[in-house]
Amino acid sequence: MTDLLYSEEEEALRAAVRDLLTDHCAAADVIARGESDTPHDLALWKLLADGMGLAGLLVPEEQGGQGATHREAAVVLEELGRAVAPVPYLTSAVVATEALLACDERELLGRLASGRTIGALAVALHTAPGAGAEAVRVENGRLHGELTGIADAAVADVLLVPADDGGLYAVPADAVTVTPQVSLDLTRPLASVRLEGAPGRRVGDAAPAVRRAVRAAAGLLASEQLGVADWALTETVRYLKERKQFNRPVGGFQALKHRLAQLWLEVVNLRAAARAAADALTTGEDTEVSVAVAQAYAAPVAVHVTEEALQLHGGIGMTWEHPVHLYLKRAKADSIAYGTAGSHREALATLVDLQGP
């Protein structure tokens, strides 16, 4: 049977990433960045990508990466979710990397693996696995068009752009116009990308690259949602143990105990679904079913746990200074990223032949 427990190596990786984030990703700093014009923490990204080599986890060693698996990448995303770290790990080290692996593009892949280059797949964040991606026009070897809802485009050095000739093109970021869009999640901002005769180098076929990248993103996003939900539950339990009413810890009231117990069960089930998706991406067995199951379950749980966390924190949870709003917004934004829970349930029904009347 598949072993979904964390290995010793995965736990060691978790500890290292958590220690780094504890030292360099304080909640107050994340909130302050969200209010600024530079929401991304590139210094933290350098520590993760260059210092720890995490940008190349999914890249084979012969191509300059770490040669790890999706299980290790999932552990990293859990910890990044726990810290709502404003770094382009999911978009560059997972999505753009998976697209380039599908294209067997070695030169650019090596640059992404080193962390020196940040990549972004120019596909709207809400695109679900199997859904068609919007493409730009190719005219006389130049790219024309506008794409919206691109996550982390503002910080990318190179954009991977699908075109109407079926190709995927690598376009330098300085050759396009990137305009920030209003985003609920301040730690993963969106932008529109306008191409007006932008030069591009074809790196492969767009359809299989986008399909592989979005499927991996949906599967590993569940681990990020797990990290968000786990932080919210852990922090809420800690707070309710300290907060007192009538000279008793608030967490001792039976009604709140029942709510917390229900949240704990949901988080435990989410962990199982997220681990199954990461393992399926690693082994290639039942991948589409496992990813659909994980995302059908992950989004509602992450949103529910963070909503409960905000309510159970009472008045302090409503303040801007408390970080719980960062987690609620990340959970809400993630609930439509790479397909909604409803779209994944529909996909799952088709995959297992459980069509409705």
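The values are calculated or read from the model by the stated rules, or taken from the named source; none is laboratory data. Computed from a prediction, not measured in an experiment: that's the story for all the values here. So basically every Cβ, Gly included, is an ideal-geometry build from the backbone, and we count neighbours across all protein chains shown. Ligands, DNA and RNA are stripped out before the accessible areas are found, and what is left, the full protein with its side chains, is counted by its heavy atoms. Shrake-Rupley method; radii C 1.70, N 1.55, O 1.52, S 1.80 Å.
Examine segment 104-124 for a residue that is in a loop (DSSP other than H, G, I, E, B) and under 13 Å from the mean Cα position of the chain (by Cα), and state whether such a residue exists. Give the derivation first.
Applying the first criterion (in a loop (DSSP other than H, G, I, E, B)) to segment 104-124 yields 104-105, 115-118, 122-124.
Remaining after also requiring under 13 Å from the mean Cα position of the chain (by Cα): none.
No - not one qualifying residue is present in segment 104-124.
Filter segment 134-179 down to residues that are assigned to a loop (DSSP other than H, G, I, E, B), open to solvent by 70 Å² or more (accessible area, probe 1.4 Å) and either without any contact (Cβ under 8 Å) to a residue 24 or more places away in the chain or under 22 Å from I336 (Cα atoms) (or both), then give me how many there are.
2
Across segment 13-52, what is the total count of residues that are open to solvent by less than 60 Å² (accessible area, probe 1.4 Å) and either within 17 Å of R71 (Cβ to Cβ) or touching a residue at least 12 places away in the same chain (Cβ under 8 Å) (or both)?
Step one: list which residues in segment 13-52 are open to solvent by less than 60 Å² (accessible area, probe 1.4 Å), which gives 13-17, 20-21, 25-27, 30-32, 34, 36, 39-41, 44-45, 48-49.
After this cut, where a residue has to be either within 17 Å of R71 (Cβ to Cβ) or touching a residue at least 12 places away in the same chain (Cβ under 8 Å) (or both) as well, the list is 13-17, 20-21, 25, 27, 30-31, 34, 39-41, 44-45, 48-49.
Count: 19.
Based on what the data block shows, is V303 open to solvent by less than 60 Å² (accessible area, probe 1.4 Å), closer than 25 Å to L186 by Cα and part of a helix (DSSP H, G or I)?
On the way: open to solvent by less than 60 Å² (accessible area, probe 1.4 Å): yes; closer than 25 Å to L186 by Cα: yes; part of a helix (DSSP H, G or I): yes.
So V303 fits the description; yes.
Within segment 4-47, track down each residue that is assigned to a loop (DSSP other than H, G, I, E, B) and touching an Asp or Glu at 6+ places or on another chain (Cβ under 8 Å). Quick ask: steps written out before the conclusion?
So the first thing to find is which residues in segment 4-47 are assigned to a loop (DSSP other than H, G, I, E, B), and the list is 4-7, 25-26, 35-41.
Once the filter is applied, which keeps residues that are assigned to a loop (DSSP other than H, G, I, E, B) and touching an Asp or Glu at 6+ places or on another chain (Cβ under 8 Å), segment 4-47 yields L4, C25, H40, D41.
Scan A68, A55 and give me the residue that is touching a residue at least 40 places away in the same chain (Cβ under 8 Å) and either surrounded by 15 or more Cβ atoms within 10 Å (Cβ to Cβ) or acidic (D, E) (or both).
On the way: A68 fails: touching a residue at least 40 places away in the same chain (Cβ under 8 Å).
Being touching a residue at least 40 places away in the same chain (Cβ under 8 Å) and either surrounded by 15 or more Cβ atoms within 10 Å (Cβ to Cβ) or acidic (D, E) (or both) holds for just one of A68, A55, which is A55.
Tell me yes or no: at least one residue of segment 277-288 is free of Cβ contacts under 8 Å to residues at least 60 places away in the same chain, buried (at least 17 other Cβ atoms within 10 Å of the Cβ), among the β-branched types (V, I, T) and part of a helix (DSSP H, G or I).
no
Just checking, does segment 246-265 include any residue being among the small types (G, A, S) and either open to solvent by less than 10 Å² (accessible area, probe 1.4 Å) or under 15 Å from G227 (Cβ atoms) (or both)?
No; the residues of segment 246-265 include none that is among the small types (G, A, S) and either open to solvent by less than 10 Å² (accessible area, probe 1.4 Å) or under 15 Å from G227 (Cβ atoms) (or both).
Select from segment 79-119 the residues that are over 26 Å from A16 (Cβ atoms) and without any contact (Cβ under 8 Å) to a residue 60 or more places away in the chain and write down the one among them that is surrounded by the fewest Cβ atoms within 10 Å (Cβ to Cβ).
In this case the residue turns out to be E107.
Suppose the filter is within 18 Å of the chain's Cα centre (by Cα) and part of a helix (DSSP H, G or I); does A191 pass it? If you could, list the steps in order and put the result at the bottom.
Numbers: within 18 Å of the chain's Cα centre (by Cα): yes; part of a helix (DSSP H, G or I): no.
Considered against the rule, which asks whether it is within 18 Å of the chain's Cα centre (by Cα) and part of a helix (DSSP H, G or I), A191 comes out as no.
Looking at segment 315-357, which of its residues are of a type in the set (S, T, Y) and crowded, with 22+ Cβ neighbours inside 10 Å? Reasoning before the result, please.
At the first step, the residues of segment 315-357 found to be of a type in the set (S, T, Y) are 319, 327, 335, 338, 340, 343, 350.
Y327, Y338 - these are the residues of segment 315-357 that are of a type in the set (S, T, Y) and crowded, with 22+ Cβ neighbours inside 10 Å.
Looking only at segment 180-191, count how many residues are free of Cβ contacts under 8 Å to residues at least 60 places away in the same chain and surrounded by fewer than 17 Cβ atoms within 10 Å (Cβ to Cβ).
Quick first cut of segment 180-191, residues free of Cβ contacts under 8 Å to residues at least 60 places away in the same chain only: 180-182, 191.
Pick out the ones that are also surrounded by fewer than 17 Cβ atoms within 10 Å (Cβ to Cβ) and you get 180-182.
Of the residues in segment 180-191, 3 are free of Cβ contacts under 8 Å to residues at least 60 places away in the same chain and surrounded by fewer than 17 Cβ atoms within 10 Å (Cβ to Cβ).
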